[in-house]
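The values are calculated or read from the model by the stated rules, or taken from the named source; none is laboratory data. In this text, all values refer to a predicted model and were calculated from it rather than measured experimentally. FYI the Cβ positions are ideal-geometry reconstructions off the backbone, even for glycines, and counts take in every protein chain you see.
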Amino acid sequence: MTYVPRIMIFVTGLFLMCLPAIAAAQGALVAFGSTQRDRDLPVEVTSETLNVNQNDNTAVFTGNVVIGQGEMRLSAPRVLVVYLEDQSGIESLEATGGVTVVSGPDAAEAARAEYNIVTGMIRMQGDVLLVQGDNAITGDTLIVDTTAGTAQVSGRVKTLLQPEGKP
């Protein structure tokens, strides 16, 4: 009879130890990227084709698009770039067709992403996968604050946490 309560205490204790990590994945902020983003660094775009529309200050990059700023990389099949009104820089990016964002040791994938260069906020939607080392989080939406180096996953969040020291 005393054996069952010991197991229940052990399982309950194990569950309680995991709560901070589960809470972080369910809605609290988690770290993203190894360094904070520097807005002064140039944005470099590489693609197969480029179509520019001077009338609405936009450009569409297609074909293996890779965008880099400092240590952060965004890749997608198609990216719409919206320039600032005075065309002195980029205001925002809208990537579609399957998007990957890599910053330091962290990587995220989704169906689409919107990156506001001015605010440093990235919103990824559709089958989101966030990988941090051996741990993975999936959900419907990922919001990354590149200035703070944080991220939040929402919408049917599922977390896979590997114990430390596990291969």
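Identify, please: which residue in the stretch 122-142 is over 10 Å from the mean Cα position of the chain (by Cα) and of a type outside the set (Gly, Ala, Ser) and is, among those, nearest to Gly68 (Cα to Cα)? First the steps, then the outcome.
Restricting attention to the stretch 122-142, the residues satisfying the condition of being over 10 Å from the mean Cα position of the chain (by Cα) are 126-127, 132-140.
If we keep only those that are of a type outside the set (Gly, Ala, Ser) as well, we get 127, 132, 134-135, 137-138, 140.
Numbers: Asp127: 23, Gln132: 20, Asp134: 25, Asn135: 25, Ile137: 24, Thr138: 24, Asp140: 25 Å.
Taking the candidates together, the pick is Gln132.
Taking the stretch 65-81 as the range and being modelled with pLDDT of 95 or more and over 20 Å from Asp106 (Cα atoms) as the test, the residues that pass are Pro77, Arg78, Val79, Leu80.
Of the residues Arg156, Arg73, only one is assigned to a strand (DSSP E or B) and basic (Lys, Arg); which?
Details: Arg156 fails: assigned to a strand (DSSP E or B).
Exactly one of Arg156, Arg73 is assigned to a strand (DSSP E or B) and basic (Lys, Arg), namely Arg73.
In the stretch 148-165 there is at least one residue matching the filter, namely being surrounded by 14 or more Cβ atoms within 10 Å (Cβ to Cβ), over 13 Å from the mean Cα position of the chain (by Cα) and either modelled with pLDDT of 90 or more or β-branched (Val, Ile, Thr) (or both).
Among the conditions (1) more than 21 Å from Pro42 (Cα to Cα); (2) touching a Ser or Thr at 6+ places or on another chain (Cβ under 6 Å), Phe61 misses just one, which is (1). The single residue among Val101, Val118 that is part of a loop (DSSP other than H, G, I, E, B) and touching a Leu at 6+ places or on another chain (Cβ under 9 Å) turns out to be Val118.
Residue pairs whose Cβ atoms lie under 8 Å apart, separated by 6 or more positions or on different chains, with the first residue in the stretch 48-59 and modelled with pLDDT of 95 or more and the second surrounded by 10 or more Cβ atoms within 10 Å (Cβ to Cβ) and of a type in the set (Gly, Ala, Ser), are Glu48/Gly63; Thr49/Gly63; Leu50/Ala59; Asn51/Ala59.
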